[in-house]
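Have a look at the structure below, then the notes.
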There are 2 protein chains.
Amino acid sequence: VPGTVTVAVDANGADLGPREVAEGAILAAAKGIRVVLYGPLAEIGDVPDGVDVVDAPVSIAKAADPAHAVRRTPESSIVQAATAVGSGSADALVSGGSTGSALAAGLFHMKRAKGIYRPALALPMPIPGAPVLLLDVGANAEVRPEHLVQFAFMGSAFAQTVMGIADPRVALLSNGEEATKGTPGVIAVHVQLTAARREVLRFVGNVEGTQVTGGAADVVVMDGFTGNVTLKVIEGVSGTLLGAIRARAASSPRAKLGGLLLRPALRGLRDEIDPEGTGGAYMLGLRRLGVVAHGRFTRRGFARAIEVAAQGVTEDVIGRTHAALEAAGVLRQPSEPEASVTPS
Amino acid sequence: VPGTVTVAVDANGADLGPREVAEGAILAAAKGIRVVLYGPLAEIGDVPDGVDVVDAPVSIAKAADPAHAVRRTPESSIVQAATAVGSGSADALVSGGSTGSALAAGLFHMKRAKGIYRPALALPMPIPGAPVLLLDVGANAEVRPEHLVQFAFMGSAFAQTVMGIADPRVALLSNGEEATKGTPGVIAVHVQLTAARREVLRFVGNVEGTQVTGGAADVVVMDGFTGNVTLKVIEGVSGTLLGAIRARAASSPRAKLGGLLLRPALRGLRDEIDPEGTGGAYMLGLRRLGVVAHGRFTRRGFARAIEVAAQGVTEDVIGRTHAALEAAGVLRQPSEPEASVTPS
């Protein structure tokens, strides 16, 4: 029942300001989600029933050292929102601010889930005809093989519960399809994922960069350095290519007319690759779900982020992720040393 | 004087067959380059003066283990061509076959240049308005910081001598622009490149994935795993996006007319991003220059690969690379242990 879900939302850090985040919260609340906004009351203004506001004007969205800022600024909006989720007074976190401060606040105040080495940042990419979940896209610049193995199960559980893909195809990004391709770490992960029982993971092997946007898999696993580069190369190439096409479509009267006639057909494509439609990036591997909306989002994107966070709670993404990791026998054992909790 | 340059060309491995490579050789020979083709005489057929053919029907372009195949198959076309370059009877190598066998044959028979840890594969990307050289795009899945430092100078020298960029801007790919972003290895490289004297290197700092195709740098340095992924993500996204636009442009009579009117304007863009225009990928860091053309190339692409190889010889890319590395004090010292010569 979505009506019982409470989402704590950090209203600071959005390019369009806290009021735009509040408008998104209002849209989400209209669908029966309870929203608590943490941000500057003076800028947020009036909100209807179903949305609560906690006055938290201090923002650390632009902090150079997010981990340090989180420790030193308990009164900041993101720390208050994450603390509310960590204490159980809210069920999930949404941040319209920086990824760094959301990750740091999530780690410190929502804590890693039991048996998880490292949280990962997962991004559903809106590819025409072939949406794909990429993880990790930036939480961990360096990983060990056991981290990537967990990411595969975390991504699979998320694709099932939140993206509605019943039996997601999970792939490992490498520099070749063969099992022997990649760094020694990637090769070791391939071996472990191949050994996973089919009931708990549908591992389809390595994919190359060409296949990330090609529909070859529903979930693609990678370290956070490669994931950040991949995600941003996709953004960059799309922008460069569409810009070049736009420039050429303005280069002559004939081309201009052609562009004008094409525009309605291309509008559908624009909607299909709209990043606001996915709600943002997901912090997986914490005790509760966190969503980092993109700072550039409008109210529609923030509403979507809140809705998807609530859906993750209703569908029990945390519990199902834990069950999948347990069934696969890849939970961290209590005897193993703890990984560092400092995000990159 | 280009007339004095001899290029050894492996005619095996091209999708369109050895005759297509020979046609490219004929085009290049018409510009005064001496070409020696290694491949199956029966398939190559007649060639005019200026092109010599050495009958070498054995191909290892599809070998699963290229290093092993190179050692075991001295009669193969790529090994014969690389041996000719290594012995000095030809000045540069062009391969229309697989990257793996060209790299392995280059390492074994053309040898690493003095003071070079690892050769790198460098690819000039034809980005509209902002061509950029990426390296390493796949020779080394794992690198040490000193390898990446050398790649920066190798790429800079190549951009000067072959791409004609007088003072190339060299950047380091990372998951953020700040000097503190990246893996520990990337951070160490950033420090070393920042310390390089301005006369020998124009280091412009880190770039993110969004900027690879954005004109922020002329040379972007990365490890071979990330480079392979980057290059293939660019290919994949371009293909997916252009395919989606093409499908939408066929979705209604109105859109079809628009597409028809736009076509001439977009033709120029197609030429601008044509991978055949750059000749392929370059093996840098060997005692002589090697070029790996793409297996999908037509004669035009193979001709271009041969021309650019000859230009690299005329402009002394090897000597100038060595001079730049020496001036920067980043040549491997004889006392240091040799790196493995097995390509990934």
Q) Which residues, counting only those in the stretch A:27-36, are of a type in the set (A, V, I, L, M, F, W, C) and either within 17 Å of A:D55 (Cα to Cα) or touching a residue at least 60 places away in the same chain (Cβ under 8 Å) (or both)? A) A:L27, A:A28, A:I33, A:V35, A:V36
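Being of a type in the set (V, I, T) and in contact with a helix residue (DSSP H, G or I) (Cβ under 7 Å, 6 or more places away or on another chain) is the filter here, so list the residues in the stretch A:1-42 that pass it.
Hits for the stretch A:1-42 are A:V5, A:V7, A:V9, A:V21, A:I33, A:V35, A:V36.
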**Q.** Conditions (1) open to solvent by 10 Å² or more (accessible area, probe 1.4 Å); (2) within 20 Å of B:G17 (Cβ to Cβ); (3) of a type in the set (S, T, N, Q): number failed by B:S101
**A.** (1)
Q. What helices (runs of 4 or more DSSP H) completely inside the stretch A:252-337 contain at least 1 residues that are under 20 Å from A:S156 (Cα atoms) and modelled with pLDDT of 90 or more?
A. A:299-314, A:317-328
(Q) For the structure I just gave you, tell me whether B:G312 is at positive phi and more than 14 Å from chain A (Cβ to nearest Cβ). (A) no
Q: For the stretch B:178-212, enumerate the residues that are among the hydrophobic types (A, V, I, L, M, F, W, C), touching a residue at least 60 places away in the same chain (Cβ under 8 Å) and farther than 25 Å from A:G227 by Cβ.
A: B:A196, B:V200, B:L201
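Criterion first (within 23 Å of A:T240 (Cβ to Cβ) and in contact with a Ser or Thr (Cβ under 9 Å, 6 or more places away or on another chain)) does B:L201 satisfy it? Write out each step before concluding.
Numbers: within 23 Å of A:T240 (Cβ to Cβ): no; in contact with a Ser or Thr (Cβ under 9 Å, 6 or more places away or on another chain): yes.
Criteria not met by B:L201.
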Q. Just one of A:L262, A:L257 is open to solvent by 30 Å² or more (accessible area, probe 1.4 Å) and over 13 Å from the mean Cα position of the chain (by Cα); which is it?
A. A:L257
Q | Check on B:I273, under 25 Å from B:D15 (Cα atoms), open to solvent by 30 Å² or more (accessible area, probe 1.4 Å), out of contact with any Ser or Thr (no Cβ under 7 Å at 6 or more places or on another chain) and hydrophobic (A, V, I, L, M, F, W, C) | A | yes
Q: Determine if the stretch B:140-149 includes at least one residue that is surrounded by fewer than 23 Cβ atoms within 10 Å (Cβ to Cβ) and either at pLDDT below 90 or among the β-branched types (V, I, T) (or both).
A: no
(Q) Quick check on this structure: which one of B:G243, B:G209 is farther than 24 Å from B:L325 by Cα, in contact with a Lys or Arg (Cβ under 6 Å, 6 or more places away or on another chain) and within 9 Å of chain A (Cβ to nearest Cβ)? (A) B:G209
Q: Can you work out which of the residues in the stretch B:222-240 that are without any contact (Cβ under 8 Å) to a residue 40 or more places away in the chain and hydroxyl-bearing (S, T, Y) is nearest to the other protein chains (Cβ to nearest Cβ)?
A: B:T240
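Conditions (1) farther than 21 Å from B:G280 by Cβ; (2) crowded, with 24+ Cβ neighbours inside 10 Å, marked per residue:
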| residue | (1), (2) |
| --- | --- |
| B:G13 | no, yes |
| B:E20 | no, no |
| B:A28 | no, yes |
| B:V35 | no, yes |
| B:P40 | yes, no |
| B:D49 | yes, no |
| B:E75 | yes, no |
Q. Out of (1) more than 9 Å from every other protein chain (Cβ to nearest Cβ); (2) surrounded by 19 or more Cβ atoms within 10 Å (Cβ to Cβ), what's the single condition that is false for B:R300?
A. (2)
Q | Subset of the stretch B:166-199 [among the β-branched types (V, I, T) and within 12 Å of chain A (Cβ to nearest Cβ)] | A | B:T180, B:T183, B:V186, B:I187
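The values are calculated or read from the model by the stated rules, or taken from the named source; none is laboratory data. Just so it is clear, the model here is predicted, and its values are computed rather than measured. Heads up, the Cβs are rebuilt from the backbone with ideal geometry, glycines too, and the neighbour counts pull from every protein chain shown. Side chains are part of the model used for accessible areas, which takes the heavy atoms of the whole protein and leaves out ligands, DNA and RNA. Shrake-Rupley method; radii C 1.70, N 1.55, O 1.52, S 1.80 Å.
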